[in-house]
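All of the numbers you see were taken from the coordinates with simple rules; none came from a lab. Just so it is clear, the structure is predicted and the values come from calculations on it, not from any experiment. Positions of Cβ are backbone-derived with ideal geometry, glycine not excepted, and every protein chain shown enters the neighbour counts.
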């Protein structure tokens, strides 16, 4: 449902700006989930997260095409990206259970927000400190 909207965003702004927006939405989602007490807040948070997750899914799929310059490099980037996703999927649940057990259930969202903030800060650094870095445009046809 969000792919056509995200595809237009990518065509207009490149890869990084939409991903930066989705990281901001992630941070707000985790903040809303950790301090929200109202059902409407949870519903809004879930809608925002769904939009961001749909966009991130599309960016995840075409990200290797953006960074790779040859077919071999694209295959290497895809393999590394997929492997690290698997490692994250193995470690994440155990880390979440430890955090929930020792610090409480709401603290999981705080930690997730902190991890998303790291991604947000690193992307922000790329935008604001390295403005002269060319952005290889990827065109998505919706």
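Checking the structure you have, find out if any residue of segment 67-76 is farther than 22 Å from residue 126 by Cβ, free of Cβ contacts under 8 Å to residues at least 40 places away in the same chain and buried (at least 16 other Cβ atoms within 10 Å of the Cβ). No, segment 67-76 has no match at all.
Results for (1) closer than 22 Å to residue 126 by Cα; (2) over 18 Å from the mean Cα position of the chain (by Cα); (3) free of Cβ contacts under 8 Å to residues at least 12 places away in the same chain, shown as yes or no for each residue.
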position	(1), (2), (3)
19	yes, no, no
31	no, no, no
43	no, yes, yes
62	yes, no, no
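Listed by position, the helices (runs of 4 or more DSSP H) inside segment 1-105 whose residues that are within 21 Å of residue 117 (Cβ to Cβ) number at least 3 are 16-35, 39-67, 71-103.
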